[in-house]
Amino acid sequence: MSDEQASREPHPDDDPYLLQEADGHAFWAESVADRILERLADDPDRSDDPVVIKGGISPSGVPHLGNMNEIVRGYFVAEALRDRGREVRQVFTADDRDPLRKVPRKLADLDGNVVDLGDVNAGALGRNLGKPYTVIPDPFGCCDSYGDHFSNLIERSAELLGIPVEMVSNTELYESGEFEDVTRYVLEHREEAREVLSAYQDKVDEEYVPFNPICGECGKITETVTAVHPDEGTVDYVCTDMEAGDRTIEGCGHEGTATLREGKLPWRFEWPAQWRVLGVDFEPFGKDHAEGSWPSGSDVARNVFGDVPPTPMAYEWFTLEGEPFSSSGGHVVMVQDVLETIEPEVLRYFFTKDPSKARDFSVEHLEFLVDEFDEFEQVYFGERDAVEATSDDEETTRAEDVADAAYPAVARPTVAARFDAGGDPIPTPDRDSVPLADHDERARYDDVVDETFVDRVRLPYTFAAVLGMTDDPDLREDIARREGHLADDDPDWAVEYALGRVERASEWADRTDNAYNYDLKRTEMPDVELDAETEAALDELADFIADGHDPEAVQGEIYETAKRHDIDVGDFFATGYRLFFDEETGPKLGPFLASLDRQFVLRRLRREG
């Protein structure tokens, strides 16, 4: 950090980490909402205006789960504000006038399928390096541009989670003239702009101009402005080379004139310009911005524009299976993918966690996330102690407070998709989540959550994966009833919804090829040759299971039974796998047998069918 940068002390209200130290609420989104309203209280003219919450992204590669942080974090703050009676406008800017600086290694179609460049018209990207995303042809040929394709993916992800977000295109803001006044202002005050920016960015000299025209000849963005005419609303430029990481994107050398609608502000000025044009009150962002462009952005807002920047909140990044997400590199998982394995309310719940702590999203171990959500839901409905095996009253109270504050926003989009406002089930829902922003609708569905959805049933995720080993829906339901997971008085909609988890858990087992990705031979017993000693051992194991024991006890008894009958342990396990899967290997046998309906296990071990 330079001496000049160190001397520019940030305004105390602009600390993006301040909210992480907020107290008074167990759920972080409520603390954020309070701080936003405290700021707005200083401006009585804003008392009836909608609160504007913003997120944003530059289109590059695949929009992944980590990119949803700003949308879903913003959603929970929006819901906390709505609980306080405020109208909220949640927007998400596609920074689609940015230039394409490199060709990503992976892309995604509108259904969320991640593909290699060889599967699309990759040349549409390679031939257009340096040009704005919205003038680059869509490699899939389905949208007006690559920028539009990316924005559609983000919008669909939000829709799938039932989050009412308004997509805003930077290109449209420039072309419609909404950015024109703020752009002219920056150019008129370019001396102040240089002074502020020089504290944060090298190579800001007396020739620096905070505007990047689009070359009228080749269509690329250039950073070389030779003259500024604010009154006329134009700049003169030369199309020069652009440095893009370890490569250089060549300019064409054209000399021309561009209007203020035919270019863009550099990011460190464009971000504060968005706050002014859109009237942004709150924006969450990752720690890269918190330590990079946020300090300069808030400085520009206050000391160039004369504006108060929005309430900030920095969040820690997510990782995927312990490694950073990489949009351009293809190490990603998309919302569409995740929702094939877990319910949308489970994924929304993931974003309720403390944003100040790094989180790993593990597809391989989704069962832990689902189990945690089920407990969170049970706490809300008062169906279990808030914290198991603890006498810590403070911890219990906190868990209950978090559930009370966060669960309605987690559940409401799902409930709105499955019930009408009167609480009657919708026979064939056409989507899994429905956004709700209207205060009256939210109130009605809060009643449906508490009075109707309280009767929902959740099958344990791994048990649902076991049921997925058979394709017979009637058999799945029969097993779930026999094992006590479904009761005779459960409403039909609750039974249907509970069994819906089976398909998701089965998809999870298939994708991760885990211990539940096997074809259980339930309808007919495989033809397995057994000697008398092995038959006796199987009968003995069946008697042990009939007495009722926990999964690890069953696992231990398999070893002990083999030893007592002088059978090789590996051979005995293989016999079990052949009896149930007609395979030589399989999942951990003891816990697996304990998860199946007991009568079926006993019949199969006794070779009765």
L110 passes all but one of the listed conditions (1) under 27 Å from A41 (Cβ atoms); (2) within 17 Å of the chain's Cα centre (by Cα); (3) aliphatic (A, V, I, L, M); the exception is number (1)
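When only residues in the stretch 501-523 that are surrounded by 14 or more Cβ atoms within 10 Å (Cβ to Cβ) and free of Cβ contacts under 8 Å to residues at least 40 places away in the same chain count, which is farthest from H365 (Cα to Cα)? Step through it out loud before you land on a result.
Taking the stretch 501-523 as the starting set, the residues that turn out to be surrounded by 14 or more Cβ atoms within 10 Å (Cβ to Cβ) are 501-512, 514-518, 520-522.
From what's left, free of Cβ contacts under 8 Å to residues at least 40 places away in the same chain: 503, 510, 517.
Details: E503: 17, D510: 13, N517: 14 Å.
The selected residue is E503.
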The conditions are (1) at negative phi; (2) in contact with a helix residue (DSSP H, G or I) (Cβ under 8 Å, 6 or more places away or on another chain), and T523 fails exactly one of them. Which is it? (2)
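Could we say that E217 is more than 35 Å from the chain's Cα centre (by Cα) and either modelled with pLDDT under 95 or of a type outside the set (S, T, N, Q) (or both) here? Spell out how you get there, then give the answer.
Working: more than 35 Å from the chain's Cα centre (by Cα): yes; either modelled with pLDDT under 95 or of a type outside the set (S, T, N, Q) (or both): yes.
So E217 fits the description; yes.
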Conditions (1) modelled with pLDDT under 90; (2) surrounded by fewer than 17 Cβ atoms within 10 Å (Cβ to Cβ) -> E38 fails only (1)
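Restricting the search to the stretch 330-389, which residues are among the hydrophobic types (A, V, I, L, M, F, W, C) and more than 24 Å from D513 (Cβ to Cβ)?
Applying the first criterion (among the hydrophobic types (A, V, I, L, M, F, W, C)) to the stretch 330-389 yields 332-335, 338-339, 342, 346-347, 350-351, 358, 361, 363, 366, 368-370, 373, 376, 379, 381, 386-387, 389.
Hits for the stretch 330-389 are F351, A358, F376, V379, F381, A386, V387, A389.
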Take F282 and tell me if it is in contact with a Ser or Thr (Cβ under 6 Å, 6 or more places away or on another chain) and among the aromatic types (F, W, Y). yes
Number of the condition not met by P587 [criteria: (1) touching a residue at least 12 places away in the same chain (Cβ under 8 Å); (2) within 36 Å of the chain's Cα centre (by Cα); (3) surrounded by fewer than 13 Cβ atoms within 10 Å (Cβ to Cβ)]: (3)
Filter the stretch 513-536 down to the residues that are hydroxyl-bearing (S, T, Y) and modelled with pLDDT of 95 or more and list them by number. T534
Restricting the search to the stretch 189-211, which residues are touching a residue at least 60 places away in the same chain (Cβ under 8 Å) and assigned to a helix (DSSP H, G or I)? E192, A193, V196, L197
What pairs come up if the first residue lies in the stretch 322-335 and is farther than 9 Å from V62 by Cα and touching a residue at least 24 places away in the same chain (Cβ under 8 Å), the second is of a type in the set (D, E) and open to solvent by 20 Å² or more (accessible area, probe 1.4 Å), and their beta carbons are under 8 Å apart, counting only those six or more places apart or on different chains? G322/D360
May I ask you to verify whether A358 is open to solvent by less than 30 Å² (accessible area, probe 1.4 Å), more than 22 Å from R501 (Cα to Cα) and at pLDDT below 95? no
Please go through the stretch 469-499 and pick out each residue that is over 23 Å from F600 (Cα atoms) and either among the acidic types (D, E) or surrounded by 14 or more Cβ atoms within 10 Å (Cβ to Cβ) (or both). D489, D490, D492, W493, A494, E496, Y497
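Counting just the residues of the stretch 294-313 that are touching a residue at least 40 places away in the same chain (Cβ under 8 Å) and within 20 Å of E223 (Cβ to Cβ), which one comes out surrounded by the most Cβ atoms within 10 Å (Cβ to Cβ)? Working first, answer last.
Step one: filter the stretch 294-313 for residues touching a residue at least 40 places away in the same chain (Cβ under 8 Å), giving 294-296, 298-300, 302-305, 308-313.
Okay, now just the ones that are also within 20 Å of E223 (Cβ to Cβ), so 296, 300, 304.
Values: S296: 21, V300: 27, V304: 22.
My answer is V300.
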Given the conditions (1) more than 27 Å from E250 (Cα to Cα); (2) buried (at least 22 other Cβ atoms within 10 Å of the Cβ); (3) in contact with a His (Cβ under 9 Å, 6 or more places away or on another chain), every one holds for C142 apart from (2)
Among the residues of the stretch 441-452, which ones are open to solvent by less than 40 Å² (accessible area, probe 1.4 Å), under 25 Å from the mean Cα position of the chain (by Cα) and either within 14 Å of V495 (Cβ to Cβ) or free of Cβ contacts under 8 Å to residues at least 40 places away in the same chain (or both)? Y445
Are there any pairs, at least 6 apart or on different chains, whose C-beta atoms fall under 7 Å, with the first in the stretch 255-282 and over 28 Å from S47 (Cα atoms) and open to solvent by 10 Å² or more (accessible area, probe 1.4 Å) and the second small (G, A, S) and not in a strand (DSSP E or B), and if so, which? G256/G216; T259/G233; R261/G177; W267/S293; R268/S293; R268/S296; R268/G297
If I go through the stretch 58-72 residue by residue, how many of them are open to solvent by less than 10 Å² (accessible area, probe 1.4 Å) and either at pLDDT 90 or above or within 12 Å of L320 (Cα to Cα) (or both)? 5
Would you check if V346 is open to solvent by less than 10 Å² (accessible area, probe 1.4 Å), within 22 Å of P63 (Cβ to Cβ), part of a helix (DSSP H, G or I) and touching a residue at least 12 places away in the same chain (Cβ under 8 Å)? yes
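Limited to the stretch 123-139, what total is found for residues that are part of a loop (DSSP other than H, G, I, E, B) and open to solvent by 30 Å² or more (accessible area, probe 1.4 Å)? Outline the logic, then answer.
Filtering the stretch 123-139 down to residues part of a loop (DSSP other than H, G, I, E, B) leaves 127-131, 136-139.
Among the residues that remain, those that are also open to solvent by 30 Å² or more (accessible area, probe 1.4 Å) are: 127, 131, 137.
The number of residues fulfilling the criteria is 3.
Conditions tested, residue by residue: (1) free of Cβ contacts under 8 Å to residues at least 12 places away in the same chain; (2) not hydrophobic (A, V, I, L, M, F, W, C).
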{"position": "M167", "(1), (2)": "no, no"}
{"position": "E172", "(1), (2)": "yes, yes"}
{"position": "P213", "(1), (2)": "no, yes"}
{"position": "V225", "(1), (2)": "no, no"}
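Condition test on R156, is it surrounded by fewer than 22 Cβ atoms within 10 Å (Cβ to Cβ) and more than 30 Å from G216 (Cβ to Cβ)?
Values: surrounded by fewer than 22 Cβ atoms within 10 Å (Cβ to Cβ): yes; more than 30 Å from G216 (Cβ to Cβ): yes.
In short, yes.
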When the stretch 86-114 is checked residue by residue, the ones that are open to solvent by 50 Å² or more (accessible area, probe 1.4 Å) and out of contact with any Gly (no Cβ under 9 Å at 6 or more places or on another chain) are E87, D111, N113
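The values are calculated or read from the model by the stated rules, or taken from the named source; none is laboratory data. In this text the structure is predicted, and so the values were computed from the model without any measurement. Backbone-built Cβ (ideal geometry, glycine too); neighbour counts: all protein chains shown. Note: accessible area is taken over every heavy atom of the protein model, side chains too, but ligands, DNA and RNA are not part of it. Shrake-Rupley method; radii C 1.70, N 1.55, O 1.52, S 1.80 Å.
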